[in-house]
Amino acid sequence: MFSHMQELLSQQEIKTVRPLSVRMIFEDNHNWDAFSLANKSILRDVEIKEVNKMMSCKDENRGFFNYHCEHCGTDLTVYFGCNSRICTNCGKNHIDKWAKSLEKALFNVPHRHAVLTIPDVLWTIVKANRFLHKVLMDAAIKAINDTISYKHRNGRLLAGAIVVLHPFSKNMGFNPHLHALVTEGGFDKNNKFIHQKFISFRAMRKTWQYQVLTNFVFV
């Protein structure tokens, strides 16, 4: 009986604890204030703007709606969100909308997931030159199309691809890499989809390597 009561109390305690959010982490012990002061020379305006938006999410000064029920007399105040990409609440809503829009845009054909990386000797170059993020994504599209067209003898194929850049690894260290959702084949000049169940890893690696190094040389 005692152990059962303890379990119920623990469950109740878990339910009443405020969910951890990004804002709580930034506010705790003045973490953001200390970090921004120590790194003000390298923080970009867009980063500061997004954090400030997130820190004011659902505050009264952002505005709100007041609702009143004529039947029960209940009043409800709903505060406006911040729409910041890093906000725990608003960011999740944007991600869900983005995922739904991508789902509608996908071709009704088989897809593959691919991860494209670069050697660590290039990390510092990419970190110091953020415009190279776009260069990497363009190189990925070219490498995917080159690979899909590798063994197709009747002209080039155009693959469908969604490419997302991840600047950091799981340990939050800077490690730029790309995740790509790629069609298992491509479309020919007549918009006919040519299915390729086998996609050569060696061809993809070589074309990706070539496109990255070539595009880095000419920027």
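The values are calculated or read from the model by the stated rules, or taken from the named source; none is laboratory data. Predicted model only: the values in this text are computed from it and were never measured. All Cβ positions, glycine included, derive from the backbone under ideal geometry; neighbour counts span all protein chains shown. Surface accessibility is based on the protein's heavy atoms, side chains included, excluding ligands, DNA and RNA. Shrake-Rupley method; radii C 1.70, N 1.55, O 1.52, S 1.80 Å.
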### Message
For a quick check of your reading of the model, give me the residue pairs whose first member lies in segment 199-219 and is farther than 19 Å from HIS179 by Cβ, whose second is β-branched (Val, Ile, Thr) and open to solvent by 30 Å² or more (accessible area, probe 1.4 Å), with beta-carbon atoms closer than 8 Å and at least 6 apart or on different chains.
### Response
PHE216/ILE125
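Which fully enclosed strands (runs of 3 or more DSSP E) of segment 133-219 have 2 or more residues being under 15 Å from PRO119 (Cα atoms), touching an Asp or Glu at 6+ places or on another chain (Cβ under 8 Å) and aliphatic (A, V, I, L, M)?
Values: elements: 161-168, 174-183, 185-187, 193-195.
No strands (runs of 3 or more DSSP E) qualify here.
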### Task
Would you tally the residues in segment 29-48 being assigned to a helix (DSSP H, G or I) and either loosely packed, with under 12 Cβ neighbours inside 10 Å or not hydrophobic (A, V, I, L, M, F, W, C) (or both)?
11
### Query
Can you spot a residue in segment 113-122 that is farther than 28 Å from ILE42 by Cβ and either surrounded by 13 or more Cβ atoms within 10 Å (Cβ to Cβ) or without any contact (Cβ under 8 Å) to a residue 12 or more places away in the chain (or both)?
yes
### Task
Identify, by number, the condition in (1) surrounded by 15 or more Cβ atoms within 10 Å (Cβ to Cβ); (2) more than 29 Å from ILE95 (Cβ to Cβ) that LEU132 doesn't meet.
(2)
### Task
List the number of the failed condition for PHE168; all other conditions in (1) more than 27 Å from HIS133 (Cβ to Cβ); (2) modelled with pLDDT under 90; (3) not charged (D, E, K, R) hold.
(1)
### Query
Restricted to segment 164-177, and to residues that are within 23 Å of LEU102 (Cβ to Cβ) and touching a residue at least 40 places away in the same chain (Cβ under 8 Å), which residue is most open to solvent (accessible area, probe 1.4 Å)?
HIS177
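Every residue, every condition in (1) of a type in the set (Val, Ile, Thr); (2) over 21 Å from HIS166 (Cβ atoms); (3) open to solvent by less than 90 Å² (accessible area, probe 1.4 Å); (4) in contact with a Cys (Cβ under 8 Å, 6 or more places away or on another chain), yes or no:
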| site | (1), (2), (3), (4) |
| --- | --- |
| HIS179 | no, no, yes, no |
| LYS192 | no, yes, no, no |
| HIS195 | no, yes, no, no |
| ILE199 | yes, yes, yes, no |
| MET204 | no, no, yes, no |
| TRP208 | no, no, yes, no |
| VAL212 | yes, no, yes, no |
| PHE216 | no, no, yes, no |
### Query
Out of the residues in segment 49-70 that are among the hydrophobic types (A, V, I, L, M, F, W, C) and open to solvent by 60 Å² or more (accessible area, probe 1.4 Å), which is modelled with the lowest pLDDT?
PHE64
### Task
Return the residue satisfying two criteria in turn: it lies in segment 71-112 and is touching a strand residue (DSSP E or B) at 6+ places or on another chain (Cβ under 6 Å) and of a type outside the set (A, V, I, L, M, F, W, C), and of such residues it is most open to solvent (accessible area, probe 1.4 Å).
ASP75
### Task
Can you confirm whether segment 201-208 contains a residue that is β-branched (Val, Ile, Thr) and modelled with pLDDT under 90?
no
### Query
Pairs under 8 Å by beta carbon, first residue touching a residue at least 12 places away in the same chain (Cβ under 8 Å) and assigned to a loop (DSSP other than H, G, I, E, B) in segment 55-84, partner open to solvent by 100 Å² or more (accessible area, probe 1.4 Å) and among the charged types (D, E, K, R), six or more apart or different chains?
PHE80/LYS58; GLY81/LYS58; CYS82/LYS58
